[in-house]
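A short write-up of the structure that comes next.
Read-outs throughout are calculated quantities, based only on the coordinates presented, and are distinct from any laboratory measurement. What you see is a predicted model, and the numbers here were worked out from it, not measured in a lab. Positions of Cβ are backbone-derived with ideal geometry, glycine not excepted, and every protein chain shown enters the neighbour counts.
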Amino acid sequence: MEDKGEAVVAVVISTLAAAGSAVLGMFVSMLLGQLLFRVGLMAGEGAAWSGISLGVPIGIACAIIAFLYCFHKIRAYGKPQ
């Protein structure tokens with residue numbers, strides 16, 4: 001039977017990585033909204049909401065990818081390839 005402590009550590013670290021990447025995705029989308037507003041490709045209200053309208057889907061996608069990647073990397077650590 002596998003070590004449950006290893007699984008708990010993998011879940012905790014993967015969750016932290018997912019949360020960090022979700023925040024980073026939302027931050028990048030806010031910067032993208034400001035950039036598009038400055039070059040005239042987005043209205044002021046669209047730029048104000050870009051952190052939510054773009055950030056949430058991008059953040060969720062980044063979080064899922066980060067969680068799965070970290071979880072599989074940690075679980076595979078030390079096992080022969």
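Annotation note: Cβ proximity below 7 Å between a residue of segment 13-34 that is over 29 Å from Arg75 (Cβ atoms) and a residue that is buried (at least 18 other Cβ atoms within 10 Å of the Cβ) and charged (D, E, K, R) (sequence gap 6+ or interchain) occurs for no pair.
Of everything listed in (1) assigned to a helix (DSSP H, G or I); (2) more than 10 Å from the chain's Cα centre (by Cα); (3) free of Cβ contacts under 8 Å to residues at least 24 places away in the same chain, the single unmet condition for Pro57 is (2).
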